Amino acid sequence: MTATPRPSTLLRHAGDKLAGVLLIAISASAFGAMAIFARFAYDAGADVYGLLSVRFVLAAIALAAVMRWQRIALPPWPRVLALAAMGGIGYVGQSFCFFSALNHAQASLVALLLYLYPVFVTVMAALFLKEKLTGAAVTALVLCSVGAGLTVGGGEGSALGIGLGLASALIYSVYIIVGARLTPGVHPVATTTVVCTAAAVVYVGAALARAAAGMPPQFPADAGGWLALAAIALLSTVLAILTFFAGLQRLGAAQASMLSTLEPVVTVLLAALLLGEQIGLTQAVGGGLILAGVLWLTRKGTAPAPVQQN
């Protein structure tokens, strides 16, 4: 006979699940608000180099403090160097494309285009890693492709903004595939700290080089802009990443991935409420198809395991 779980055990399990759902919801909401904070920072006079330099410097310092507080050790140095390369190339490229796209397209459009990455990861894994392309993956690919077409057609953005948004999703896909092979056995906070530190070094170096060439980075000209910048670093990066991994431990990759689809929904809603962006029927349907494709992948167990958020 199978022993019946005690009520206290069931309650504890239910409590863990609820806590996991809340943590992932907080993470997705914080990530989803990042594009909105970026728009406020840009409106206050910041540019991409100033914004991302501050973002990653503040995030690296905060994450290093978390590592010290929790006594989390760095992995061996060969792994640290590999993770640093992943951050200094992949994460820098993805973040640059994403935040640059926000200057040329609606925040809602950029967010929805980025969320094509699970399908890109699935296709790349089939092409380059010889993983089987299942029927669920093909269905998701069709849904997301049609959704992307409708989203682009219904959204407002230049060809450059749309191209940068797609490039962000493609680079993020490569980043996830590489990260899936480099991160096993490494504490997620240690991984994130190394990645953010490497990105900070690259962006500060780029900012100094541009300053030497007479093109210094631009920072916000008022307190509101600096608050938005701090929110990007501390809320939409540090808090979002820590709550994501905490929720992931309680729910597992599949459920965490499904709940993370809240992220672009938050961006779209906040863009409409705070930025006055108009969400037309075509874009709404397109975004819905993209999210449906991602959820279909996750439900069928073929979605890529989360490595690190944007």
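Any read-out appearing in this document is the output of simple, stated calculations on the displayed coordinates, not a laboratory observation. As the structure is a computational prediction, the values presented were derived from the model and not from experiment. When we count neighbours, we look across all protein chains shown, and the Cβ atoms used for this are built from the backbone with ideal geometry, even at glycine.
Once the other residues with Cβ under 13 Å from the Cβ of ILE232 are scored (Lys, Arg +1; Asp, Glu -1), what is the net sum?
+2
Pop out the ³J(HN,Hα) list for region 53-61 in order, Karplus 6.51 cos²θ - 1.76 cosθ + 1.60 with θ = phi - 60°, rounded to Hz; leave Gly and Pro as x.
Karplus-based 3J(HN,Hα) across region 53-61 equals 4, 5, 3, 6, 5, 4, 5, 5, 5 Hz.
Quick one: ARG250, ARG210, ARG181, fewest Cβ neighbours within 10 Å first, how do they rank?
Ascending Cβ contact count within 10 Å gives the list ARG181, ARG210, ARG250.
With springs connecting C-alpha atoms under 10 Å apart, model the chain as a Gaussian network and identify which of GLY50, GLY214, GLY149 has the largest mean-square fluctuation.
Evaluated over the chain, the most mobile residue of the options is GLY214.
How about region 50-148: which trypsin sites (Lys or Arg not before Pro) there are in a DSSP loop, with at most 13 other Cβ atoms within 10 Å of their Cβ?
ARG71, LYS130, LYS132
Using the Cα centre as the reference, give the magnitude of the dipole from point charges on the C-beta atoms of the chain (Lys, Arg: +1; Asp, Glu: -1; all else neutral), rounded to the nearest 20 debye.
Computed about the Cα centre, the dipole is about 1080 debye.
Counting Lys and Arg as +1 and Asp and Glu as -1, what is the net charge of the other residues whose Cβ lies under 14 Å from the Cβ of PHE98?
Net of charged neighbours comes to +1.
Of VAL285, VAL194, VAL265, which has the largest mean-square fluctuation in a 10 Å C-alpha GNM of the chain?
The residue with the greatest mean-square fluctuation here is VAL285.
Per-residue HN-Hα couplings for region 237-252, Karplus 6.51 cos²θ - 1.76 cosθ + 1.60 at θ = phi - 60°, whole Hz, x for Gly and Pro?
Going residue by residue, I get 10, 5, 4, 4, 5, 5, 5, 4, 5, 5, x, 4, 4, 8, 10, x Hz, with x marking Gly and Pro.
Putting +1 on Lys and Arg Cβ atoms and -1 on Asp and Glu Cβ atoms, find which of SER257, VAL142, ALA44 reaches farthest to the positive end of the dipole of region 23-299.
Result: SER257, furthest along the dipole toward the positive end.
Lys and Arg at +1, Asp and Glu at -1: add these up for the other residues within a Cβ distance under 14 Å of SER108 and post the number.
Result for the local shell: -2.
For region 98-104, take each phi angle, set θ = phi - 60°, evaluate the Karplus expression 6.51 cos²θ - 1.76 cosθ + 1.60, and give the result in whole Hz per residue in order, putting x for glycine and proline.
Values per residue, Gly and Pro as x: 4, 6, 5, 4, 5, 7, 10 Hz.
At a Förster radius of 41 Å, what calculated FRET efficiency corresponds to the Cβ-Cβ distance of ARG181 and ASP43, to the nearest 0.05?
0.55
As I understand it, the dipole of the chain uses +1 on the Cβ of Lys and Arg and -1 on the Cβ of Asp and Glu, about the Cα centre. Which of VAL121, GLN106, LEU273 lies farthest toward its positive end?
With unit charges placed on the Cβ atoms, the residue in question is VAL121.
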